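K.L.:
Pasting a structure below so you can have a look.
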Amino acid sequence: MNRYIVLERNVKQFRRNECFKITIYIFCYVFMLFESSMPIFLNDAQIHGRPNIILIVADDLGWNDVSFHGSGQIPTPNIDSLAYSGVILNKYYVNPICTPSRSALMTGKYPIHTGMQHGVLDGAEPRGLPLTEKILPEYLKELGYRNHIVGKWHLGSYKKTYTPTFRGFDSHLGFWIGHQDYNDHTSESNGTWGLDMRKDMDLAKDLHGKYSTDIFTNRAVKVIDDHDKEKPLFLYVAHAAVHSGNSYNPLPAPDGYISKFSYIKNYTRQRFAGMLAKLDESVGDIVQALSKKQMLENSVIIFTTDNGGPAAGFNMNAASNYPLRGVKDTLWEGGVRGAAFLWSTSLKTPNRVSSQMMHITDWIPTILDAVGGHQNFSTETIDGISMWKSLSEDTASSRNEILHNIDDIIGIVSITKGSWKYVKGESYSGNWSQWYGPSGRRYRYSFRLCKDSKTYKALRLINKHVNRRIAEKMRTDATVDCSINTTDYSDCKPSEKACLFNINLDPCEKYNVAELYPNILAELEETIQRFNATSLPPGNLPRDPRGNPANWDYAWVNFGDFSEL
């Protein structure tokens, strides 16, 4: 008999055997393993499926400025739509002011462990975030990420080695120091003034007259459009908004956006609303760009403020932290409790409001956990704790305490442990320790605005949009209610004596219970002493006359790299 006929009969018989299926499965599996080990065929992103990381940081955004926290005064439909589709972080804390908070974000360390705990960096100050610190983009670069920063840096620029493109970022379009005018892109600081807008290391004089939020949005969209999807993307969008600008135009926004809020009778709040509307629009443009590039479904999007809002004219601004106490640069909840959310299609329990305790230092381990790179760092070297599992699966937080700050120069300290918050000392001699509006609760909230937003439409394409019922429930859950009358609170003067609050029952810090629970007060003071024993002295230095922009054709420059003026 012909040997090929015999072979054919044997094959037919073998096919009827279940072993054939198993054999084929094993063969395919082995083949895929062999193929995946060959970088010529598959790249890192394909093998590991690392998601894109989009980190959006709003500057000086107050707790009550996002409409998902209960205020209907200034709608934020793009921000809200993304928040409802993800996890709203309702017990999330930041540092009370910019540089310390951004240092915590980038290093995963409390500012007391990097010497960044006191105040903000001045453009003429000869220091920066220590170069010994490994920061977020450097971790991600090791995992094959392309890293881009758009917007504000504020972690050192007196020498080029402190600037973004020397610290793990592949590109930077934005500014180096604390704030800028949104149209001429200059910055006032301690009686000095100069241009602060950069394309990598070069001054971007050609952007004069263009609105900062638009510049940063357009750049973020272009980064996404030009990105090679064969590699994972880390895009850090650090907006100037809604930080106040220079003294001659503190709350700049296009007239057409301001006029949309003519129903707001307070003129400064009306201008603030125009700035915030541009910020919300930016979020929609970024989400839409990810959708068009087919990158949205494989992205993790983080939205956070850097600190609490400057309300009631503080820093020439008009933010709202209602109903929380205090403002930016104080250790009250209004200064350290941040508006934030996490979005990802990988979240196992989305569409909810998280009550897990979380701190801004937690983003590095959380992000690395989310992208499968947790083995690239040691938790012993940072203060952050991965929250990915807790937030994704809605399990208990691994974090039980948060150090809000220790600043021995001012004489302030605050810590939350469990449900107890300790506050001692006051910024600004207690002049910003009250409760500030507006509440915005009387304004009608329209879910229709969410449905009409670019974000909602992009989410609908991947079936991640939410209906009105879910959104309304989440908004209710995310709204902090302090029904206790402010005239009926027990007096607290932390400049004279430490105060204690049960922050779960009293999030507005109206009832000081220090005298009722002296043992808890003593326990928290012991914890503070433990932190104090590990703290570094503040790294602040006097301004260097060489840093005056007047010496450099009125531009903020890396003056430390030049031996002579």
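K.L.:
Considering Val557, Val513, which residue is within 30 Å of the chain's Cα centre (by Cα), of a type in the set (Val, Ile, Thr), over 26 Å from Ile409 (Cβ atoms) and not in a helix (DSSP H, G or I)?
P.N.:
After applying the criteria, what remains is Val557.
K.L.:
(1) at pLDDT 95 or above; (2) surrounded by 14 or more Cβ atoms within 10 Å (Cβ to Cβ); (3) more than 22 Å from Ala514 (Cα to Cα): which one isn't true of Ser397, the others all being true?
P.N.:
(1) is the only condition that Ser397 fails.
K.L.:
I've got another one for you. For Phe531, only one of the following conditions fails: (1) among the aromatic types (Phe, Trp, Tyr); (2) closer than 25 Å to Ser439 by Cα; (3) in a helix (DSSP H, G or I). What is its number?
P.N.:
Unmet condition: (2).
K.L.:
Tally time: how many residues in the range 521-530 are open to solvent by 40 Å² or more (accessible area, probe 1.4 Å) and either touching a residue at least 60 places away in the same chain (Cβ under 8 Å) or more than 26 Å from Leu500 (Cα to Cα) (or both)?
P.N.:
So the count comes out to 2.
K.L.:
If you don't mind, there's one more thing I want to ask. Quick one: Asp306 ticks every box in (1) open to solvent by 10 Å² or more (accessible area, probe 1.4 Å); (2) in contact with a Cys (Cβ under 6 Å, 6 or more places away or on another chain) bar one, so which box is it?
P.N.:
Here Asp306 meets the rest and fails (1).
K.L.:
Just the residues that are within 20 Å of the chain's Cα centre (by Cα) and open to solvent by 10 Å² or more (accessible area, probe 1.4 Å), please, taken from the range 129-153. Steps first, please.
P.N.:
Filtering the range 129-153 for residues within 20 Å of the chain's Cα centre (by Cα) gives 129, 133-141, 145-153.
Scanning the range 129-153 gives Glu133, Lys134, Glu138, Tyr139, Lys141, Arg146, His148.
K.L.:
Still on this structure, please answer the following. Taking the conditions exactly as written (free of Cβ contacts under 8 Å to residues at least 40 places away in the same chain, of a type outside the set (Val, Ile, Thr) and either at positive phi or buried (at least 17 other Cβ atoms within 10 Å of the Cβ) (or both)), does Asn463 satisfy them or not?
P.N.:
When the stated conditions are applied, Asn463 passes them.
K.L.:
Now, a different point. In the list Gly430, Gly425, Gly384, Gly418, which residue meets the criterion of being at positive phi and either surrounded by 17 or more Cβ atoms within 10 Å (Cβ to Cβ) or among the aromatic types (Phe, Trp, Tyr) (or both)?
P.N.:
Selected residue: Gly425, the only one of Gly430, Gly425, Gly384, Gly418 that is at positive phi and either surrounded by 17 or more Cβ atoms within 10 Å (Cβ to Cβ) or among the aromatic types (Phe, Trp, Tyr) (or both).
K.L.:
Still on this structure: Residues that are free of Cβ contacts under 8 Å to residues at least 60 places away in the same chain and more than 27 Å from Ser291 (Cβ to Cβ): find the helices (runs of 4 or more DSSP H) completely inside the range 321-427 holding 2 or more of those.
P.N.:
The helices (runs of 4 or more DSSP H) meeting that bar are 388-393.
K.L.:
Taking the range 290-299 only, how many residues are surrounded by fewer than 22 Cβ atoms within 10 Å (Cβ to Cβ) and either part of a helix (DSSP H, G or I) or in contact with a Phe, Trp or Tyr (Cβ under 9 Å, 6 or more places away or on another chain) (or both)?
P.N.:
Residues meeting the conditions: 4.
K.L.:
Among (1) assigned to a loop (DSSP other than H, G, I, E, B); (2) in contact with a strand residue (DSSP E or B) (Cβ under 9 Å, 6 or more places away or on another chain); (3) surrounded by 24 or more Cβ atoms within 10 Å (Cβ to Cβ), which single condition is Gly119 missing?
P.N.:
Of (1) assigned to a loop (DSSP other than H, G, I, E, B); (2) in contact with a strand residue (DSSP E or B) (Cβ under 9 Å, 6 or more places away or on another chain); (3) surrounded by 24 or more Cβ atoms within 10 Å (Cβ to Cβ), only one is false for Gly119: (3).
K.L.:
While we're here: Looking only at the range 531-541, decide whether some residue is loosely packed, with under 12 Cβ neighbours inside 10 Å and either β-branched (Val, Ile, Thr) or free of Cβ contacts under 8 Å to residues at least 24 places away in the same chain (or both). Spell out the reasoning first.
P.N.:
Kept after step one, since they are loosely packed, with under 12 Cβ neighbours inside 10 Å, are these residues of the range 531-541: 533-534, 537.
Those still in the list that are either β-branched (Val, Ile, Thr) or free of Cβ contacts under 8 Å to residues at least 24 places away in the same chain (or both) too: 533-534.
Looking through the range 531-541, at least one residue is loosely packed, with under 12 Cβ neighbours inside 10 Å and either β-branched (Val, Ile, Thr) or free of Cβ contacts under 8 Å to residues at least 24 places away in the same chain (or both).
K.L.:
Among the listed residues Leu536, Leu505, Leu524, which satisfies the condition of being hydrophobic (A, V, I, L, M, F, W, C), assigned to a helix (DSSP H, G or I) and within 31 Å of the chain's Cα centre (by Cα)?
P.N.:
Among Leu536, Leu505, Leu524, only Leu524 is hydrophobic (A, V, I, L, M, F, W, C), assigned to a helix (DSSP H, G or I) and within 31 Å of the chain's Cα centre (by Cα).
K.L.:
Given the criteria in contact with a Lys or Arg (Cβ under 7 Å, 6 or more places away or on another chain), at pLDDT 95 or above and charged (D, E, K, R), does Glu509 qualify?
P.N.:
Here the answer is yes, as Glu509 does meet what is asked.
K.L.:
Would you confirm, using the coordinates I've provided, whether Ile470 is outside any strand (DSSP E or B), under 29 Å from Ser344 (Cβ atoms) and in contact (Cβ under 8 Å) with a residue 60 or more places away in the chain?
P.N.:
Here the answer is yes, as Ile470 does meet what is asked.
K.L.:
Mind checking which residues of the range 542-554 are in contact with a strand residue (DSSP E or B) (Cβ under 9 Å, 6 or more places away or on another chain), open to solvent by less than 80 Å² (accessible area, probe 1.4 Å) and in a loop (DSSP other than H, G, I, E, B)?
P.N.:
Asn548
K.L.:
Next up: Assess whether Thr476 counts as being open to solvent by less than 40 Å² (accessible area, probe 1.4 Å), of a type in the set (Val, Ile, Thr), over 16 Å from Gly334 (Cβ atoms) and assigned to a helix (DSSP H, G or I).
P.N.:
no
K.L.:
Leu82 - would you say it is open to solvent by less than 10 Å² (accessible area, probe 1.4 Å), part of a helix (DSSP H, G or I) and either closer than 25 Å to Gln288 by Cα or modelled with pLDDT under 95 (or both)?
P.N.:
So Leu82 passes the test.
K.L.:
Find the strands (runs of 3 or more DSSP E) located wholly in the range 171-288 whose residues include 2 or more that are free of Cβ contacts under 8 Å to residues at least 60 places away in the same chain and polar (S, T, N, Q), and list them.
P.N.:
Here the list is empty.
K.L.:
Looking at the range 274-316, which of its residues are within 26 Å of Trp332 (Cα to Cα) and more than 20 Å from the chain's Cα centre (by Cα)?
P.N.:
First, the residues of the range 274-316 that are within 26 Å of Trp332 (Cα to Cα): 275-276, 279, 302-316.
Result: Ala312, Gly313, Phe314, Asn315, Met316.
The values are calculated or read from the model by the stated rules, or taken from the named source; none is laboratory data. In this text, all values refer to a predicted model and were calculated from it rather than measured experimentally. Note that we place each Cβ from the backbone using ideal geometry, even for glycine, and neighbour counts take in every protein chain shown. Surface accessibility is based on the protein's heavy atoms, side chains included, excluding ligands, DNA and RNA. Shrake-Rupley method; radii C 1.70, N 1.55, O 1.52, S 1.80 Å.
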